[in-house]
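The values are calculated or read from the model by the stated rules, or taken from the named source; none is laboratory data. This structure is a prediction, so every number in the text was calculated from the model and none was measured. Ideal geometry is used to build each Cβ from the backbone, glycine not excepted, and the neighbour counts take in all protein chains shown. Keep in mind that these areas ignore ligands, DNA and RNA; they rest on the heavy atoms of the full protein, side chains included. Shrake-Rupley method; radii C 1.70, N 1.55, O 1.52, S 1.80 Å.
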Amino acid sequence: MEQSSYTVFVYGTLKRNQPNHHYLSTAEFITEAACCQKFPLVIASKYNIPFAIEKPGIGYRIKGELFSVDDATLAKLDELENHPTLYERQVHSFEAADGKIIEAWIYLLREYKPEMLELEFYESYSSEGSHGKRYVSRYIRDTEIKPSNI
Ligand code: PCA
């Protein structure tokens, strides 16, 4: 099968030194980058999951990392993020550290409760941040998180 490559912007647990980064162990790191648009980045649900909410113009220009991934890795990411049931993978524009504008995939929360916009917004995510909301791995949860129970 022909192999394609995809550019993905990660802002949460997939970043380097974050709990799901091993999903990107065979991916190629491109650069640090920031979203061109602002999005609200919150930590929500009883499992402290980071969500960038599809409500552009609110919050910060989220900082994250661009990776190049192959089909198999993209399929694994889609499964981890439960796309399109929980997060939806969308194309947006990002500004790389050198100022270049790059189009890439990002996992956003499209369906959300309005109260989520009252949570604290972050510019940059870390599971071990001073917020104290340490991420709980998908595979040790007893409930499946969906937009309706965040
Ligand atoms: N994983 C994806 C979306 C949020 C999360 O924890 C990421 O790191 O970009």
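Assorted remarks:
- The solvent-accessible area of Arg89, taken with every protein chain present and a 1.4 Å probe, is close to 40 Å².
- Each Lys or Arg adds one and each Asp or Glu takes one away; over the other residues whose Cβ falls under 11 Å from the Cβ of Val136, this sums to +4.
- Full-extension gain in nm, Ser93 to Phe29, via 0.36 nm per residue minus C-alpha separation: 21.3 nm
- Label sites at Tyr139 and Ser124, each approximated as a point 7 angstrom past Cα along Cα to Cβ, lie 2.9 nm apart.
- Each Cα pair under 8 Å and six or more residues apart adds its sequence gap; the mean of these over the residue count of the range 1-51 is a relative contact order of 24 percent.
- Histogram of C-alpha separations across the range 30-150, 10 Å bin width, %: 13, 43, 38, 7, 0
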